[in-house]
Amino acid sequence: MIEYLELMYSQPAERAQFMLMVISSLLTALLSLFIAFFVVKLTESGANKKSHKEFTISKLEELYKATLEFEDQFIVFCSPIADFNDRNIIVRPQDSLIKCEMYKKLYFSDMTLDRIQLNQAMVNIYLDSRREELSCQERLEIFQSNKRMVQDFIDMTKGFCEQMLLKHKL
């Protein structure tokens, strides 16, 4: 093969032309390789951003659902006719609140959630409901006084989810 090339390009001008062809071909191949690599990385970056956005949106939706679930369970918990002998009345809002806290800690650390304060409000409602001297009207008043703090949490969490959804959908 080398003998053939020496015979084909015996003149210095032909050798120079051959070297230019080889160098040109190598540069073209390298440039094509660089462009292909750049396009792959750009596509991968776009796909990663899109999958991250979809993941974040799905977690925001789950946090929103957990917040709505907590709100529903809390309303039942605070109801004047709540039967605190039914363990589910006590456990369900706590489970929903734990879900909210889990999403906050795992995915949304910039969100504020004071579970201790919310638990304290629920404990107050529970303890006051156990006092036999309280009428249904008094239980309703206790519900109203503790509901504001819990409603603030619910409104803040819903607002956080809505704001983040708008941010990530754009």
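The values are calculated or read from the model by the stated rules, or taken from the named source; none is laboratory data. Note that the structure is a prediction, hence the values are computed from the model and not measured. Cβ atoms come from the backbone with ideal geometry, glycine included; neighbour counts cover every protein chain shown. Note: accessible area is taken over every heavy atom of the protein model, side chains too, but ligands, DNA and RNA are not part of it. Shrake-Rupley method; radii C 1.70, N 1.55, O 1.52, S 1.80 Å.
If the requirement is being loosely packed, with under 12 Cβ neighbours inside 10 Å and either within 16 Å of residue 67 (Cα to Cα) or at pLDDT 75 or above (or both), which of these qualifies: 158, 105?
Values: 158 fails: loosely packed, with under 12 Cβ neighbours inside 10 Å.
Only one candidate qualifies: 105.
Here residue 50 meets the list (1) farther than 30 Å from residue 106 by Cβ; (2) surrounded by 10 or more Cβ atoms within 10 Å (Cβ to Cβ); (3) modelled with pLDDT under 85 almost entirely, failing just condition (1).
I'm told residue 56 meets every condition in (1) assigned to a helix (DSSP H, G or I); (2) open to solvent by 40 Å² or more (accessible area, probe 1.4 Å) except one. Can you identify the failing condition by its number? Checking residue 56 against (1) assigned to a helix (DSSP H, G or I); (2) open to solvent by 40 Å² or more (accessible area, probe 1.4 Å), the one that fails is (2).
Which members of the range 67-102 meet the condition of being closer than 18 Å to residue 124 by Cα, aliphatic (A, V, I, L, M) and at pLDDT 75 or above? Once the filter is applied, which keeps residues that are closer than 18 Å to residue 124 by Cα, aliphatic (A, V, I, L, M) and at pLDDT 75 or above, the range 67-102 yields 75, 76, 89, 90, 91, 97.
Could you list, in sequence order, all residues of the range 107-136 that are free of Cβ contacts under 8 Å to residues at least 12 places away in the same chain and of a type outside the set (Lys, Arg)? Break it down stepwise before answering.
Within the range 107-136, the subset free of Cβ contacts under 8 Å to residues at least 12 places away in the same chain is 109-110, 116, 120, 123, 127, 131-135.
109, 110, 116, 120, 123, 127, 132, 133, 134, 135 - these are the residues of the range 107-136 that are free of Cβ contacts under 8 Å to residues at least 12 places away in the same chain and of a type outside the set (Lys, Arg).
Scanning the range 112-144 for residues being within 27 Å of residue 102 (Cα to Cα) and of a type in the set (Ser, Thr, Tyr) gives a total of 2. Each residue in the range 109-150 was checked for being open to solvent by less than 30 Å² (accessible area, probe 1.4 Å) and outside any loop (DSSP other than H, G, I, E, B), and 9 pass.
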